[in-house]
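> Got a structure for you, questions after.
The values are calculated or read from the model by the stated rules, or taken from the named source; none is laboratory data. Bear in mind the structure is a predicted one, so any value in this text is a computation, not a measurement. Every residue, glycine as well, gets a Cβ built from its backbone with ideal geometry; the counts of neighbours run over all protein chains shown. These area figures cover heavy atoms from the full protein model, side chains too; ligands, DNA and RNA do not enter into them. Shrake-Rupley method; radii C 1.70, N 1.55, O 1.52, S 1.80 Å.
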Amino acid sequence: MNGLSKGIDKVEVALRWDPAPAGQPPADLDLVAGTYPADAPYGEPDYLVHFDSRSPDGTIYLNRDSKDGKGFGFDEVMTLELERLDARYARVVIGVAIQQHAEDRHFGDVSNPGLRIREGYTDLATDDFGGVLGSTAATVAEFVRNETGAWEFRGGVHGFDGDPATFTRAMGAARRP
């Protein structure tokens, strides 16, 4: 990043998947955002944004929520207005969790999953979850405020195995290289 860059301002995270085959229970993938204050950037989030919620200040919100992947294009879309996020927050982690019902569901059990993260018309990342097929959830991005206050994007899909509640408590842990 050069000295003229203002960093990342507004981001859209979009998730898609195909409906389950006939006779199979529907797959329900959920986008989750966790915010972390500068004085505690790792560990449990200060607050979470997921289905049926938005950030207290309205800067992170879910535009579209699907419970079965039946839709055109992207089934789940979240917007992050990072430029408006309070200065006390230094980190936002984005995750995808598969709702677990009667049996464990993994990314390998979901038909044609896909992810796109973009700022304006620029794709910052795309992925098909092929590297985490045996996982039940994954972190897919983090946005970190640098020393000048500008937001930077750090991509990468990192798998997690466990229930969605455990995932949301653990998704902000420091990543191992």
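> For segment 156-169, enumerate the residues that are in a helix (DSSP H, G or I) and modelled with pLDDT under 90.
The answer is PRO164, ALA165, THR166, THR168, ARG169.
> Out of all the residues in segment 63-93, which are of a type in the set (Phe, Trp, Tyr) and more than 19 Å from ILE117 (Cα to Cα)?
Residue satisfying the conditions is TYR89 alone.
> Please count how many residues of segment 132-159 are within 15 Å of the chain's Cα centre (by Cα), open to solvent by 50 Å² or more (accessible area, probe 1.4 Å) and not basic (Lys, Arg).
The number of residues fulfilling the criteria is 2.
> Here's something else I'd like to know. Go through (1) closer than 15 Å to ALA141 by Cβ; (2) surrounded by 21 or more Cβ atoms within 10 Å (Cβ to Cβ) one by one and return the number of the condition GLY7 breaks.
Failed condition: (2).
> I want to confirm something. Restricting to segment 24-74 and keeping residues that are open to solvent by 60 Å² or more (accessible area, probe 1.4 Å) and in contact (Cβ under 8 Å) with a residue 60 or more places away in the chain, which single residue is farthest from THR139 (Cα to Cα)?
That would be PRO25.
> If I go through segment 42-82 residue by residue, how many of them are under 13 Å from the mean Cα position of the chain (by Cα) and aromatic (Phe, Trp, Tyr)?
Of the residues in that region, 2 qualify.
> For the structure I just gave you, tell me whether ASP18 is surrounded by fewer than 14 Cβ atoms within 10 Å (Cβ to Cβ), of a type in the set (Asp, Glu) and touching a residue at least 24 places away in the same chain (Cβ under 8 Å).
no
> Hey, could you check segment 79-101 for residues that are part of a strand (DSSP E or B) and farther than 18 Å from GLY172 by Cα and say which is most open to solvent (accessible area, probe 1.4 Å)?
Looking at residues that are part of a strand (DSSP E or B) and farther than 18 Å from GLY172 by Cα, I get GLU81.
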